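In what follows, a single structure is set out as structure tokens and then discussed.
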Amino acid sequence: MLVGMSDQMSRFAPANLSPVPIEPRPCALPYGLTWRDLGEFLPGFVGAEGARAWVSHEKRGLHKGTNSCIVTVSHRGVEGSTLTQTVFCKRSEEPARAESARYAFLSSCGFPTPKLLYSAVRDGGEVVVLEFVPTIGVEPSDVAELLRLIARLNALEAPPAELFMLPSGMPAAEFCARVKAALTSLAADPAVSVEVDPESWFDAYRRAEAAVAALPTALNHGELYLQQVGWSRGRLVMFDLETMGQRPRFTDIATTLAGLAAYSGREEWDLFASYLEAVRHLTGVDLDGAEAWKEVLLVRTVDAFAGLPWRLDNAGNPDLAETPTDLALALHDDLRTLGLLD
């Protein structure tokens, strides 16, 4: 378990992630939406006369940007009554990150997501309106449900490639330079209790990266954590689909295991065994535990290196659980286990 991580993980409880009702602030419909647009899903909508909207909740967690908001709307119904509904609105300015078709595909597969109420192209991007998810995250006792949700996503067969194309990302040389700079910074940090040799660690990263490139793939969220799941209509749902795509099959489980272990008090291997059992139940495939665990460590190692520049740049952010010391210790342990460090 990462040093200090158990205490830090408490900030990811639903009580600290879920939207908070606030004093209503009247507002225009966001992102170019019109009442005619909303009329496509509002029950009994007869026209914009008397309709109004207001900001009703404050978002919490790591992503508090202006590209999404929670809005409550009211309108007159067919019999003159006033009907009210709270919705989540999100704008994407990049066509490659559009989410509506992804929500539609997952829904068609029976995979639980918030209900897609409306979508439209706006200024070359996309605006989606989703049902409001009042509870974000899971309690420690619900971690098993999250493991099953990850397994369900990974078990989906033949997702359309055109829906889940991954962005090309930063040029390789520039990215490698950023990773090297992050390792140099980590090595110079007096608070880091493990010796970090930037050259040998970077070499280990490139060897792990080559191994990961040859691994089997599956549909993964790509940036999954407790902020990307929540409870709606009694079921756990997944959202923020813009990073979803075909990746090494254990990407989501590998990148969440340490945090889930700290949060739930269970061992990583125990959690992974539960995940593998869920995969077996869904697919009929009984994976070799030892080989699968090696895959997990390889994927986690590459992801940790790739995310190191961003995490060090944001060290101290209260919404990030790991400290630089945590990051260094976790990388060191996994590299040693994989035999990538002397």
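A few points about this structure:
- If you filter region 84-118 down to residues that are more than 19 Å from the chain's Cα centre (by Cα) and hydrophobic (A, V, I, L, M, F, W, C), you find that the one that is surrounded by the fewest Cβ atoms within 10 Å (Cβ to Cβ) is Cys109.
- Subset of region 142-162 (residues that are open to solvent by 20 Å² or more (accessible area, probe 1.4 Å), among the hydrophobic types (A, V, I, L, M, F, W, C) and either in contact with a strand residue (DSSP E or B) (Cβ under 9 Å, 6 or more places away or on another chain) or in contact (Cβ under 8 Å) with a residue 24 or more places away in the chain (or both)): Ala144, Ala155, Leu156, Ala161
- Here Val121 fulfils each of the conditions (1) in a strand (DSSP E or B); (2) surrounded by 14 or more Cβ atoms within 10 Å (Cβ to Cβ) apart from (2).
- Residue match in region 242-258 (condition: on the phi < 0 side of the Ramachandran plot, over 19 Å from the mean Cα position of the chain (by Cα) and of a type outside the set (Phe, Trp, Tyr)): no
- Note on region 313-331: residues that are closer than 21 Å to Thr251 by Cα, in a helix (DSSP H, G or I) and open to solvent by less than 40 Å² (accessible area, probe 1.4 Å) amount to 5.
- Considering only residues in region 233-256 that are farther than 21 Å from Ala213 by Cα and not acidic (Asp, Glu), the one that is surrounded by the fewest Cβ atoms within 10 Å (Cβ to Cβ) turns out to be Gly234.
- Verdict on Ala292 being closer than 30 Å to Leu183 by Cα, at pLDDT 95 or above and open to solvent by 20 Å² or more (accessible area, probe 1.4 Å): no
- Residues in region 38-83 that are farther than 15 Å from Val129 by Cβ, surrounded by 11 or more Cβ atoms within 10 Å (Cβ to Cβ) and of a type in the set (Ser, Thr, Tyr) were compared, and the one that is modelled with the highest pLDDT is Ser74.
- Residue match in region 186-198 (condition: hydrophobic (A, V, I, L, M, F, W, C), part of a helix (DSSP H, G or I), open to solvent by 50 Å² or more (accessible area, probe 1.4 Å) and touching a residue at least 60 places away in the same chain (Cβ under 8 Å)): no
- Residues of region 163-185 that are at pLDDT below 95 and open to solvent by less than 40 Å² (accessible area, probe 1.4 Å): Phe164 alone.
The values are calculated or read from the model by the stated rules, or taken from the named source; none is laboratory data. All values derive from a computational prediction rather than experimental measurement. Neighbour counts run over all protein chains shown; Cβ positions are idealised from the backbone, glycine included. Please note that ligands, DNA and RNA were not included when accessible areas were found on the heavy atoms of the full protein model with its side chains. Shrake-Rupley method; radii C 1.70, N 1.55, O 1.52, S 1.80 Å.
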